[in-house]
Amino acid sequence: MIGERQGSYTLDAELTAKHGFSEEDIIGITELCRDVMGLPFGDLQAVHRMLVNEQRRIVIELEPELPDGSFKTSVLQFIEPKPSVGRSDASEFAGHPDVAALFEAGWRRKPHSTGSSMNSPGCPE
């Protein structure tokens, strides 16, 4: 657990003996940041990866299951959804009165001072 250091801790003697843990193994966020600040860049990246992985593991382990059997967080939150709009052949766009003149006159290639570009009859160069 990462957080502010407390004045005292109550540790279960049986568990601490089983895992070789003592109160000296507890450090506060201030001490952790102080120790990490002097690390080389590669070590900082390793610490970051470790913290991200641990956070992910904790979220997965502690996340309650919703009544429908799903979970609040899902990989689907990070995937771009399939668009709900279907593709068309642009016939509605081409038939709109505001752009119909563009399609009736057609597009033409016009030389330009910096090279050639596609210009419509009614568009400025």
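A short reminder: the numbers here are calculations on the coordinates, not readings from a lab. Quick caveat, the model's predicted, so the values are computed rather than measured. Positions of Cβ are generated from backbone atoms using ideal geometry, with glycine treated the same way; all protein chains shown enter the neighbour counts.
Among SER84, SER22, the ranking by other beta carbons within 10 Å of each residue's beta carbon, starting with the fewest, stands as SER84, SER22.
With N counted as the residues of the stretch 13-78, its alpha-carbon radius of gyration over 2.2 N^0.38 Å works out to 1.59. Set the Förster distance to 41 Å, then compute FRET efficiency between LEU15 and LEU76 from the Cβ-Cβ distance, nearest 0.05. Result of the calculation: an efficiency of 0.60.
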